[in-house]
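The values are calculated or read from the model by the stated rules, or taken from the named source; none is laboratory data. These numbers come from a predicted model, not from an experiment. Cβ placement follows ideal geometry from the backbone for every residue including glycine, while neighbour counts extend to all protein chains displayed.
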Amino acid sequence: MKLLLIEDEIILADEISSFISSEGFVCEVVYDYKSALQKINLYEYDCVIVDITLPGGSGLKLIEQLKAISTKTGIIIISAKNSLSDKLNGLSLGADDYLTKPFHLAELNARIQAVLRRRQFNGDTKICFEEISINHEKREVWIKETLMDLTRKEYDLLLYCVSNQEKVLTKEAMAEHIWGDQADSFGNLDFIYSQIKNLRKKMADAGCQDYLRSIYGIGYKFAKR
């Protein structure tokens, strides 16, 4: 899952980013309105965490922009203002939750998980496809009765594919969603093929059919045969 954190307090942003990353998320960080606007117009995110007061503009305006671009992205406001009007404004614009600073990082993680369940999985803790069962809170994948031993990136790749079944996914979109900003530093996208190859082998060894179709010159499609 890929998150964007928009927070101008650099120390707090680094603390949140480190914690979220340790929980298995890809987390990108920006510190001002202009950079945040560029990010949300260029990339897709599963959840955006945004402060209201930012250098160069308002987080509320960013929420308006984001809702015009994507209805699927979850939005959590974090703010030092314990203001009812700000909270109501944010929620009325389409934010999913509002968290007042200071807060425990574990609470933020719980709020993120809840938003993702509602936005991505209709409130369920599991997502299933044929013989595949994914518990996204426990980060577990089962093939029938077999618990899979996947690396973090293999898990992220499978979850991304299952969540976007029947859609053609470009290699660029897969790399950007799973590796975030790091993908820009890679010389080519050959590593996507290697990750897919390893994932396919592990799933086949567990008795799973191969649902990943290669789309020549573009990427992959996860679908029933």
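Among the listed residues Glu131, Glu137, Glu64, which satisfies the condition of being in contact with a helix residue (DSSP H, G or I) (Cβ under 8 Å, 6 or more places away or on another chain), of a type in the set (Asp, Glu) and outside the structural domain of Asn41 (by TED's automatic domain parsing)?
Details: Glu131 fails: in contact with a helix residue (DSSP H, G or I) (Cβ under 8 Å, 6 or more places away or on another chain); Glu64 fails: outside the structural domain of Asn41 (by TED's automatic domain parsing).
When all the criteria are applied, what remains is Glu137.
If I filter the stretch 181-218 down to residues being of a type in the set (Gly, Ala, Ser) and in a loop (DSSP other than H, G, I, E, B), which single residue comes out as modelled with the lowest pLDDT? Lay out the reasoning, then the answer.
Restricting attention to the stretch 181-218, the residues satisfying the condition of being of a type in the set (Gly, Ala, Ser) are 183, 185, 187, 194, 204, 206-207, 214, 217.
Still in the list and also in a loop (DSSP other than H, G, I, E, B): 187, 206-207, 217.
Numbers: Gly187: 63, Ala206: 92, Gly207: 90, Gly217: 81.
Filtering first and then ranking leaves Gly187.
Out of the residues in the stretch 19-33 that are of a type in the set (D, E, K, R) and closer than 18 Å to Ile78 by Cα, which is surrounded by the fewest Cβ atoms within 10 Å (Cβ to Cβ)? Don't jump to the end; show me each part of the working.
Taking the stretch 19-33 and keeping what is of a type in the set (D, E, K, R), we get 23, 28, 32.
Retained after the next criterion (residues that are closer than 18 Å to Ile78 by Cα): 28, 32.
Working: Glu28: 17, Asp32: 14.
Across the stretch 19-33, the extreme among qualifying residues is Asp32.
Enumerate the strands (runs of 3 or more DSSP E) found wholly within the stretch 1-83, keeping only those where 3 or more residues are without any contact (Cβ under 8 Å) to a residue 60 or more places away in the chain. Show your work before the answer.
Numbers: elements: 2-6, 26-30, 47-51, 74-79.
In the stretch 1-83, 2-6, 47-51, 74-79 are the strands (runs of 3 or more DSSP E) which contain 3 or more residues that are without any contact (Cβ under 8 Å) to a residue 60 or more places away in the chain.
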Counted residues, the stretch 198-225 - those being touching a Ser or Thr at 6+ places or on another chain (Cβ under 7 Å) and crowded, with 17+ Cβ neighbours inside 10 Å: 3
Scan of the stretch 121-173 for residues that are polar (S, T, N, Q) and touching a Gly at 6+ places or on another chain (Cβ under 9 Å), ordered by number: Thr146, Thr170
Only listed residue being crowded, with 18+ Cβ neighbours inside 10 Å and modelled with pLDDT of 95 or more, chosen from Leu37, Leu5, Leu54: Leu5
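Would you tally the residues in the stretch 1-25 being more than 15 Å from Pro55 (Cα to Cα) and among the charged types (D, E, K, R)? Lay out the reasoning, then the answer.
First, pick out the residues of the stretch 1-25 that are more than 15 Å from Pro55 (Cα to Cα): 1-4, 11-12, 14-25.
With among the charged types (D, E, K, R) added as a condition, the list becomes 2, 14-15, 23.
Final tally of qualifying residues: 4.
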